[in-house]
Structures are given as structure tokens and as C-alpha cells.
Amino acid sequence: MKNLKLSFSIVVLSLFLDLSELNAFENASIEMRISDYREAVSNNDWDGIVSVIPPRLLRTMAGKFDLEVNYLITRMKQVMKNAMASVSIVYFELDLQNAVRNKSSSGRIYLLIPTTTVMQSKESLILGESHTLAFVDDKIWYLVRLDEDTQILFLKEAYPEFESVTLPKGTMNIIEVSGTNFKQ
């Protein structure tokens with residue numbers, strides 16, 4: 001049953017994303033990577049969240065701060081944990097069906113995946129709308145959230161091929177709930 005579901009998912013992905021340049025294994029890999037990432041975010045699994053970041057990007061960030069990569073990862077997890085202590089995730093989705101496929105200047109295929117996060121704080125609901133960049137490096141799909149300018153700067157330093165790519169910026173807004181629909 002699991003193989004049937006995976007096969008169906010691959011067909012659906014191919015139809016929606018026109019990933020004709022990706023093979024079935026790559027299609028299945030990105031879907032599984034996104035599924036694992038969704039679960040990690042929903043469960044505040046800091047190891048799972050950090051595992052989707054490309055090692056080259058982590059090395060670039062560590063180098064900028066003159067830190068060891070493992071120490072940087074430990075600090076990143078602590079910062080995320082502290083930031084999420086006062087909020088909870090109500091909704092988190094990477095919309096793979098509406099992802100945009102393109103190629104970098106080096107010919108690397110990448111996806112820009114619309115990403116929505118709704119968080120509950122004591123005072124309000126917060127809607128974050130952004131994109132997640134997905135691409136393969138060393139035969140593994142990696143994900144980079146494009147929420148902040150700093151993330152984009154580090155990405156472009158680690159992967160200069162994205163220098164000429166205009167990456168969409170995220171937004172964060174306070175929202176209120178009306179029934180089951182979110183409204184700004």
C-alpha cells in the first residue's frame with residue numbers, strides 16, 4: 001500500500017510540477033523530504049529542521065561567524081527553541097503543487113515552493129507567507145527558507161549561481177480567525 005501511495009504521489013507531482021527533467025527517484029525524494037520537514041516543524045524537532053539545510057550553507061554561515069559547524073548547529077537549534085517557546089504552530093504547509101521550477105545559472109534545477117505558517121501567540125495569530133527554495137546538492141534535496149534577507153545573503157554566498165536569481169521575500173502579518181478561515 002505504501003509503494004502504491006508513493007507511486008501515485010510521483011505521478012501527481014509530475015503532472016503538477018512538470019518535473020520532466022527530474023527522474024522518478026528525485027520526484028519521490030523531494031516529496032519525502034518535504035513530508036519529513038513538515039513533520040519536524042509540526043513537532044518542534046530541531047534536529048529534523050536543521051537536517052534539511054545544505055551543509056555548504058552551514059559551512060558558509062559558520063565561517064562568517066568564525067565558528068565550528070557543529071557549534072553553529074547547536075546554537076541554531078537553541079535559538080529556534082527559544083523563539084518557539086512563546087508560540088505554537090497552528091498550520092504549516094509547503095505547497096508543492098504550486099511550486100515554480102527553474103534553473104540556476106549553472107543549470108541546477110531548483111523549486112520555489114510557496115510556504116505558509118500560522119502561529120499562535122498569547123495575543124494573536126501570526127501568518128507567515130514565504131517561499132522555500134529546494135534543490136539537490138550531492139544527490140540530496142535540501143530546503144532553504146527564504147524568510148529573511150540574511151538567509152538569502154548567506155545562500156547566495158554559499159551558492160553564487162543563485163546571485164542573479166530574484167528570490168521572493170516573505171511577509172509576516174497579524175491575522176484573526178473567522179470560523180475556520182483566516183483573515184487579515
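Structure notes:
- Test: residue in region 82-94 that is closer than 28 Å to E163 by Cβ and not in a helix (DSSP H, G or I): yes
- All conditions but one from (1) crowded, with 16+ Cβ neighbours inside 10 Å; (2) touching a residue at least 60 places away in the same chain (Cβ under 8 Å); (3) out of contact with any Lys or Arg (no Cβ under 6 Å at 6 or more places or on another chain) apply to Q97; the one that does not is (1).
- Inside region 58-97, residues that are more than 20 Å from L133 (Cβ to Cβ) and not aliphatic (A, V, I, L, M) make up a count of 15.
- Total residues in region 108-122, condition open to solvent by less than 40 Å² (accessible area, probe 1.4 Å) and assigned to a loop (DSSP other than H, G, I, E, B): 1
- Members of region 133-160 that are of a type in the set (S, T, Y) and touching an Asp or Glu at 6+ places or on another chain (Cβ under 9 Å): Y159
- Scanning region 130-177 for residues that are in contact with a Pro (Cβ under 7 Å, 6 or more places away or on another chain) and free of Cβ contacts under 8 Å to residues at least 40 places away in the same chain yields H131, L146.
- Within this structure, I89 fails the test of being crowded, with 18+ Cβ neighbours inside 10 Å and over 18 Å from E157 (Cα atoms).
- Residue check, S178 modelled with pLDDT of 90 or more, of a type in the set (G, A, S) and either at positive phi or over 13 Å from the mean Cα position of the chain (by Cα) (or both): no
- Condition met for S29 (open to solvent by less than 80 Å² (accessible area, probe 1.4 Å), out of contact with any helix residue (DSSP H, G or I) (no Cβ under 6 Å at 6 or more places or on another chain), among the hydroxyl-bearing types (S, T, Y) and modelled with pLDDT of 95 or more): no
- In region 123-147, the residues that are in a loop (DSSP other than H, G, I, E, B) and open to solvent by 20 Å² or more (accessible area, probe 1.4 Å): E123, S124, D138, K139, D147
- Qualifying residue in region 148-167 (condition: in contact with a strand residue (DSSP E or B) (Cβ under 9 Å, 6 or more places away or on another chain), open to solvent by 70 Å² or more (accessible area, probe 1.4 Å) and among the hydrophobic types (A, V, I, L, M, F, W, C)): no
- A count restricted to region 157-176 and to residues that are assigned to a helix (DSSP H, G or I) and in contact with a helix residue (DSSP H, G or I) (Cβ under 9 Å, 6 or more places away or on another chain) stands at 3.
The values are calculated or read from the model by the stated rules, or taken from the named source; none is laboratory data. It should be emphasised that the depicted structure is a prediction, and the values quoted were computed from it without experimental measurement. Ideal geometry is used to build each Cβ from the backbone, glycine not excepted, and the neighbour counts take in all protein chains shown. Remember, those area values only see protein heavy atoms, side chains included, never the ligands or the DNA or RNA. Shrake-Rupley method; radii C 1.70, N 1.55, O 1.52, S 1.80 Å.
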